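Remarks on the structure that follows.
Read-outs: derived from the displayed coordinates by stated rules, not from any lab. As the structure is a prediction and not an experimental result, all values here were calculated from the model. For neighbour counting, all protein chains shown are included, and Cβ atoms are generated from backbone atoms with ideal geometry for every residue, glycine included.
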Amino acid sequence: MFKPKYTITDRLLANIKQINSIVSDLNNDKFPKVVFYELERSAREISTFTSTSIEGNPLPLTDVKRILKTQPKNLRSNEQEVVNYNRALEELNEKLLKGSVSFNLGLILSIHKQVIDKLLPKYQLGKLRLEPVFINDPKTRKTIYWPPDYQDVPRLMKDLADFITGSKGKIDPLILAGIFHKQFVIIHPFMDGNGRAARLSTKVLLAEMALNTFSLFSFENYYNKNVTNYFSNVGILGNYYDKVDSIDFTGWLEYFTDGIIDELLRVKKLLPEVSVSPKTEMMIYHKKIMEFISKKGYISERDYAKLTDRAKATRSLDLKKLVDMGLIERKGKGRATYYKLKERY
């Protein structure tokens, strides 16, 4: 039976209270659906970039955005990682919005199968490992952690899943999500893809924060700011069997909730200060502009003229309004002028 050791410190308690306060503020914000769509798309890009970057993927954010937009064929392994993670994240967000996600071992296995598709042999996709693994220090290349024997992995994962489902409603969802994340990494249940599967599975548990703008949330972003700090907090050193009885989750939970606060504040800052009013509400022609840019990447004045029968002077005002709202920005000069989404990350 899994019984994690942790202490509700003053810092952890203060973090949970602050998180609940920020969530309440965010849930009171209102903004146009089209704005929500754009920020959600950008959040997926950031999550995909940061979560794969944490695992050593060298692709910069610009390349990640390009790959997700163009969906090229004949992908290299690092490009396949990006496509897989984004697809898994997109499907997971949709299911969370519909309330059709049940947290269990089957969900974890399906997430792993998605993030590692075409990157491992088929018999390892969504399957608990049947071989030993070792964690090496990337700098010294020396082994620093020996995870549990593969024979113990099914039991350990079942114990973890049972603990999570049995503790819902009894333990704060933030603490549960944090405990799951670290214990998952400690067990290291798969041959590869453990970090990505852990972070996506943790996202399901974090959804119980009841944050209306949850799909704008990219908690992986915090970890990528200092990957070394993340790994030193989430993992343990040495042999699992020597360390298991002394593992304390307190320090990690403080770090974990620090990251949630950092990300919530980022989301809060990003949300346009737009309320539904005659002055700020976007009309159908504004939405057409935003949808066109989403598909093509930019819009020119000539493009917009083909979308609407509005007069030239009025079209200019339509574009200016979106610029003033901070949603798009003007690029180029004269006849080469075009508009694109304003960079927010």
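Summing -39500 (n - 2.57) over the DSSP H runs of n ≥ 4 in the chain and dividing by its residue number, what mean residue ellipticity at 222 nm do you reach, to the nearest 500 deg cm²/dmol?
Mean residue ellipticity at 222 nm (helix-derived): -18500 deg cm²/dmol.
Can you tell me how region 70-122 classifies by the Cα gyration tensor, rounded, prolate or oblate, using a/c under 1.5 as the rounded cut?
Because a/c hits 1.5 or more and a/b fails to exceed b/c, region 70-122 counts as oblate.
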Are any of the pairs K5/K95; K268/K321; K203/K268; K122/K168 more than 27 Å apart by Cα-Cα distance, and if so, which?
-> K5/K95; K122/K168
Exposure proxy ranking, count of Cβ atoms within 10 Å, fewest first, for Y285, Y304 | Y285, Y304
So for R0 = 25 Å, FRET eff. of K17-N226 from the Cβ-Cβ r, to 0.05, ends up at 0.50
For the charge dipole of region 284-341, defined by +1 on Lys and Arg C-beta atoms and -1 on Asp and Glu C-beta atoms about the Cα centroid, which residue among G334, Y285, L307 has the Cα displaced farthest towards the positive pole?
-> G334
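K95 to V244: extension gain in nm, 0.36 nm per residue of separation minus the Cα-Cα distance?
Length difference between fully extended and current span is 50.2 nm.
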What order, most packed first, do the peptides 161-174, 186-199, 128-141, 209-222 have when packing is the mean number of other Cβ atoms within 10 Å of each residue?
-> 186-199, 209-222, 161-174, 128-141
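Neighbour counts of other C-beta atoms within 10 Å: give me K122, K203 arranged from fewest to most. Please report the intermediate quantities before stating the final value.
Numbers: K122 10, K203 26.
Sorted ascending by nearby Cβ count, the order is K122, K203.
Once you list every other residue whose beta carbon is under 14 Å from the beta carbon of A313, what net charge do they have if Lys and Arg are +1 and Asp and Glu are -1? If you can, show how the numbers build up before the last one.
Numbers: positive: R310, K312, R315, K320, K321; negative: E301, D309, D318.
Summing Lys and Arg as +1 and Asp and Glu as -1 gives +2.
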So for the chain, taking the charge dipole from beta-carbon charges (+1 Lys/Arg, -1 Asp/Glu), which of F103, I144, G169 sits furthest toward the positive end?
-> F103
Using a cut-off of 19 Å between alpha-carbon atoms, which lysines can reach K127, once sequence neighbours fewer than 8 places away in the same chain are excluded?
-> K113, K118, K158
Label point distance in nm, N212-K333, each placed 7 Å from Cα along Cα→Cβ = 4.4 nm
Roughly how big is region 10-270's charge dipole about its Cα centre, with Cβ charges of +1 (Lys, Arg) and -1 (Asp, Glu), in debye to the nearest 20?
-> 760 debye
Residues with amide H under 5 Å from that of M191, placed H, sequence gap 5 or more = R129
Could you list L107, L265 in order of exposure, starting from the residue whose Cβ has the fewest other Cβ atoms within 10 Å?
-> L265, L107
If a helix is a whole DSSP H run, which ones in the chain reach 20 Å or further along their own axis (Cα) and hold a mean Kyte-Doolittle hydropathy of at least 0.0?
-> 153-167, 173-187, 250-270
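Kindly identify region 10-270 as rounded, prolate or oblate by the Cα gyration tensor criterion: order the square roots of the eigenvalues as a ≥ b ≥ c, call it rounded if a/c is under 1.5, otherwise compare a/b with b/c, prolate if a/b is larger, else oblate. List each step's numbers first, then the result.
Details: a/c = 1.56, a/b = 1.15, b/c = 1.36.
The shape class here is oblate.
For K320 and D152, calculate 0.36 nm times their separation in residues minus their Cα-Cα distance, and state this gained length in nm to one decimal.
Roughly 54.3 nm would be gained on extension.
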What list of ³J(HN,Hα) couplings, whole Hz, do you get for region 122-136 from phi and the Karplus terms 6.51, -1.76, 1.60, once you set θ to phi - 60° and write x for glycine and proline?
-> 4, 6, 9, 6, x, 10, 5, 5, 10, 9, x, 9, 9, 9, 9
If the chain between T9 and L270 were fully stretched, how many nm would it gain, using 0.36 nm times the residue separation less the Cα-Cα distance?
-> 90.9 nm
